[in-house]
Amino acid sequence: MSKLLLINGPNLNLLGVREPGIYGQTTLKDLEEQLTAFARENQLDLSCFQSNHEGAIIDAIHDARNNFSGIIINPGAFTHYSYAIRDAIASVDVPVIEVHISNVHKREEFRHISVIAPVCEGQIVGLGITGYKLAILAFKEWLERNV
Ligand code: DQA
């Protein structure tokens, strides 16, 4: 079974509590359980990781080399300025899909820029937690085409 890594960045540990009008009521634990089950239904094995720390996220991306067929990442606010996370993604030969729960383009101007997107296969924004499921389905199709 192909393995995917889900990385959620800073403040996403507070999902369900943090600005629920923007990010919804689902907690990170519920999200991770739902996505793990959804991945399994699609013959994929999902590992979940969350950190508020840039270096820990970079280490997780490096460690994904040789271990995972794809990474789904919501880098939180790091999206908008972390060249270090961008370089980590560019340094490993693992395809990455960027996901945002909210529609960053409808929000403050600083959220309109992603320094991560240019090194990703694709980006899904504004569809709530469904965006993560769409990323799993995109990987499923991509992995079937690239066996
Ligand atoms: C977010 C959008 C970011 O701008 C914000 O800093 C987050 C969450 C999203 O999922 O919509 O922490 O990545």
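The values are calculated or read from the model by the stated rules, or taken from the named source; none is laboratory data. If you're wondering where the values come from, they're calculated on a predicted model, not measured in any experiment. Every residue, glycine as well, gets a Cβ built from its backbone with ideal geometry; the counts of neighbours run over all protein chains shown.
Let's see how each residue does on (1) of a type in the set (S, T, N, Q); (2) part of a loop (DSSP other than H, G, I, E, B); (3) touching a strand residue (DSSP E or B) at 6+ places or on another chain (Cβ under 7 Å); (4) loosely packed, with under 13 Cβ neighbours inside 10 Å:
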| residue | (1), (2), (3), (4) |
| --- | --- |
| VAL115 | no, yes, no, no |
| GLN123 | yes, no, yes, no |
| LEU134 | no, no, yes, no |
| GLU141 | no, no, no, yes |
- Message: With the structure loaded, tell me whether SER114 is within 13 Å of the ligand (Cβ to nearest atom) and at pLDDT 95 or above or whether it fails that test.
- Response: yes
- Task: Determine, yes or no, whether GLY122 is more than 13 Å from the ligand (Cβ to nearest atom), among the small types (Gly, Ala, Ser) and out of contact with any Cys (no Cβ under 9 Å at 6 or more places or on another chain).
- Result: yes
- Task: Determine if segment 4-11 includes at least one residue that is touching a residue at least 60 places away in the same chain (Cβ under 8 Å), away from the ligand (no atom under 16 Å from the Cβ) and surrounded by fewer than 17 Cβ atoms within 10 Å (Cβ to Cβ).
- Result: no
- Task: Return the residue satisfying two criteria in turn: it lies in segment 1-15 and is modelled with pLDDT of 95 or more and in a loop (DSSP other than H, G, I, E, B), and of such residues it is nearest to ILE116 (Cα to Cα).
- Result: GLY9
- Item | Lone unmet requirement of (1) buried (at least 18 other Cβ atoms within 10 Å of the Cβ); (2) within 14 Å of the ligand (Cβ to nearest atom); (3) farther than 18 Å from ILE124 by Cβ for ILE101 | (3)
- Query: Looking at segment 89-98, which of the residues that are away from the ligand (no atom under 12 Å from the Cβ) and assigned to a strand (DSSP E or B) is nearest to LEU28 (Cα to Cα)?
  - Reply: ILE97
- Could you tell me which numbered condition LEU46 fails, if it satisfies all but one of (1) within 12 Å of the ligand (Cβ to nearest atom); (2) in contact (Cβ under 8 Å) with a residue 12 or more places away in the chain? (1)
- Message: So, in segment 19-43, exactly how many residues are of a type outside the set (Asp, Glu), over 16 Å from ALA135 (Cβ atoms) and either away from the ligand (no atom under 15 Å from the Cβ) or surrounded by fewer than 14 Cβ atoms within 10 Å (Cβ to Cβ) (or both)?
- Response: 5
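Can you name the residue in segment 20-72 that is assigned to a helix (DSSP H, G or I) and hydroxyl-bearing (Ser, Thr, Tyr) and, of all such residues, is farthest from GLU144 (Cα to Cα)? Can you show your working first?
Taking segment 20-72 and keeping what is assigned to a helix (DSSP H, G or I), we get 20-23, 28-41, 54-64.
Remaining after also requiring hydroxyl-bearing (Ser, Thr, Tyr): 23, 36.
Numbers: TYR23: 32, THR36: 19 Å.
Top of the filtered list is TYR23.
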